[in-house]
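The values are calculated or read from the model by the stated rules, or taken from the named source; none is laboratory data. Not measured: the values here are computed from a predicted model. No Cβ is skipped: glycine too gets one built from the backbone with ideal geometry, and neighbour counts run over all protein chains shown. These area figures cover heavy atoms from the full protein model, side chains too; ligands, DNA and RNA do not enter into them. Shrake-Rupley method; radii C 1.70, N 1.55, O 1.52, S 1.80 Å.
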Amino acid sequence: MKKIILGTNRFSKLIREDGCFVDKTLMIKDFLERKKQVTIITRPRLFGKTINITMMSEFFDNTKDSKKLFKGTKIMDTSYASEINQYPTLFFSFSNARSNKKTIISEIRSQIINEWTKYDFVFTDLNKDEKIKYEACQHVLINWKDDDFIGITDVISFLIERLEIYYGKKVMLFIDEYDTPFIEAYRENFYDEIEEGITHLFMSILNKSSSLKYAMLIGIQTFANESIFSKLDNVIVCDVSNQIYAPYFGFDEKETKQLLEYYHLEFNEEVKEVYDGYCIGNIGIYNTWSILNYVNSKELRPFWINTALNKMLKDFFNKSDDNFKKQYEQLIANGYLETRVTLQTSFYEVANTSNLWGLFVNAGYLTVDEIIDIADNYCRIRIPNNEVKTEFRSLTEYYLSLYEGQLNQLSHFLINEQFDEFSKYYQHILMLPSYHDLNNENSYHMMMLGMCLCLSDNYKIISNREEGKGRCDIIIQAHYEKKTSFVIEFKYFKEDKKDVEKALDKLSNEAIQQIKDRRYDYDLKGKVIYIGLAHHGKDVMMKWEEKVYI
């Protein structure tokens, strides 16, 4: 039985260590048949991007003998098997270009020096002019400062030129996580200092080198057309809405089912609810990392955690406008949102609502459910699965100015029917100095919906939907009759009253009665708890009543 190897980011290591491998090698055939000089592919984190791009590099690199690695794979049954190890190949990974400006520039320099050193033998038999170029490039590499990219484009261009002369073939170029320097620079507030240098670096390699055959760049986010890729000829950008290359990143349902069966695990609705839900180019896709971790641990729990992007998205809440905040509330309330979504322009360059939703989709927090108007980028987006909902609960806590874990604690008290503790903790949250947005009933509704985000394993969450004779605020409907269902109704008043406690008592009773009169519990089975929550600013009173339907 193949081993589950977690954490490896190299195709060669995965194969040599007899690791579990879902064959995506026909991506090589697609790449060659499309004949696009520059291919840019964006996918969320942990969808197999690095494995795939190292696979491409291993296949084409003429300094290697990769026949054993690709033995028995799908690509070797095609006419393109003859292309294996036939091209001079450059591979750069910017995955460690993080933290600060000095580290980013140093890591890019290190990657370039590695490839320069790997092909040092191509700099023999130089003519006079070529020797001058070579010495200038050597000077740049030796004296490269940690705060600029001066001269480095000449180094790469000369290397690509010499590779074609030496081998008599144009060069293949692969860049993994090409967008990481941009993302990190934006996150650490020095984007303007580094953007021009890196942009010029990409433009010089991709647009000015006549010795380049094909290039592939993989990352999370694309950038505005007027910046990096606007002047490129013969370029294709494949984002998550594009069908091109869609089958090669993540696992489709057939691959997931076969993988689970191979390891004697059942492919069922529980697995689908936790890990399914991504739609990439009209194909249902599962996150590679999550499925492999589930197979390894045999535990249905969240594995997709993105601390860096989570922090960045929280920062973007502070920079977003009222339109985005209103739409975010609609997303949490309904589970989906219909809005403009721009996938090929970065929020880092143009900070608007459609670009921010594009980042949510590109990063894997949301998926495009339906393209409503392709000309206007108008889409229906939704949270893909229960695993990602855990990340949204954290984002929603931040959005509501709550502390990490508070909504989890609140849901624990509710589901375990510890209503005194629930009421006290709910009041505690409302009294927090940071929890200030209490200007209408929606503020309380949002908190409860955030609390419910991760309950969908055992419950169906219904919000503001017609039930019985009206619209109930929230219904938490148990999937199984042995579990308790909850019906929650909010009440709120702003005006000052002499006896606030008496008014809250009256209003909370009215909330319970409204649930009964309008039959919000219609079609619920087993034990049902009615909860009436009456609010006045940071004051709250809660009433609950139990009923059992046989």
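Quick check on segment 68-84. Is at least one of its residues within 30 Å of Glu184 (Cβ to Cβ) and either in a loop (DSSP other than H, G, I, E, B) or of a type in the set (D, E, K, R) (or both)? The answer is no, given that none of the residues of segment 68-84 is within 30 Å of Glu184 (Cβ to Cβ) and either in a loop (DSSP other than H, G, I, E, B) or of a type in the set (D, E, K, R) (or both). Screening Gln111 on (1) open to solvent by 20 Å² or more (accessible area, probe 1.4 Å); (2) under 21 Å from Lys169 (Cβ atoms) shows it passes everything except condition (2).
crowded, with 16+ Cβ neighbours inside 10 Å, out of contact with any Gly (no Cβ under 7 Å at 6 or more places or on another chain) and either of a type in the set (Phe, Trp, Tyr) or free of Cβ contacts under 8 Å to residues at least 24 places away in the same chain (or both), is that true of Phe47? Outline the logic, then answer.
On the way: crowded, with 16+ Cβ neighbours inside 10 Å: yes; out of contact with any Gly (no Cβ under 7 Å at 6 or more places or on another chain): no; either of a type in the set (Phe, Trp, Tyr) or free of Cβ contacts under 8 Å to residues at least 24 places away in the same chain (or both): yes.
Answer is no for this residue.
The residue of segment 97-155 that is farthest from Arg187 (Cα to Cα), among those that are outside any helix (DSSP H, G or I) and of a type in the set (A, V, I, L, M, F, W, C), is Leu126. Summed over segment 85-96, residues that are on the phi < 0 side of the Ramachandran plot and assigned to a loop (DSSP other than H, G, I, E, B) total 5.
Here segment 162-190 is the region considered, the condition is being out of contact with any strand residue (DSSP E or B) (no Cβ under 9 Å at 6 or more places or on another chain) and among the acidic types (Asp, Glu), and the residue that is farthest from Ala215 (Cα to Cα) is Glu188. Look at Tyr480 and say whether it is surrounded by fewer than 19 Cβ atoms within 10 Å (Cβ to Cβ) and closer than 19 Å to His412 by Cβ. So Tyr480 fits the description; yes. Filtering segment 286-321 to residues that are open to solvent by less than 30 Å² (accessible area, probe 1.4 Å) and either touching a His at 6+ places or on another chain (Cβ under 6 Å) or among the β-branched types (Val, Ile, Thr) (or both) leaves Thr288, Ile291, Val295. The single condition among (1) in contact (Cβ under 8 Å) with a residue 40 or more places away in the chain; (2) farther than 25 Å from Leu337 by Cα; (3) in a helix (DSSP H, G or I); (4) hydrophobic (A, V, I, L, M, F, W, C) that Val274 does not meet is (2).
Listed by first and then second residue, the pairs with beta-carbon distance under 9 Å, at least 6 apart or on different chains, first residue in segment 516-528 and on the phi > 0 side of the Ramachandran plot, second surrounded by 16 or more Cβ atoms within 10 Å (Cβ to Cβ) and assigned to a strand (DSSP E or B), are Arg519/Glu467; Asp523/Glu467; Asp523/Gln477; Gly526/Ala478; Gly526/Ser485. Looking across segment 378-429, the residues that are of a type in the set (Val, Ile, Thr) and under 30 Å from Val361 (Cα atoms) come down to Ile381, Ile383, Val388, Thr390, Thr396. Screening the candidates Phe123, Phe149 for the property of being farther than 18 Å from Pro88 by Cβ and open to solvent by less than 30 Å² (accessible area, probe 1.4 Å) yields one hit, Phe149.
Just so you know, in segment 61-83 the residues that are of a type in the set (Gly, Ala, Ser) and surrounded by 15 or more Cβ atoms within 10 Å (Cβ to Cβ) include one that is nearest to Phe174 (Cα to Cα), and it is Ser66. Applying the condition of being surrounded by 19 or more Cβ atoms within 10 Å (Cβ to Cβ), among the aliphatic types (A, V, I, L, M) and closer than 24 Å to Leu292 by Cα to segment 26-44 and asking which residue is farthest from the chain's Cα centre (by Cα) yields Ile28.
Scanning segment 355-382 for residues that are part of a loop (DSSP other than H, G, I, E, B) and either without any contact (Cβ under 8 Å) to a residue 60 or more places away in the chain or out of contact with any Leu (no Cβ under 6 Å at 6 or more places or on another chain) (or both) turns up Gly364, Tyr365, Leu366, Asn377.
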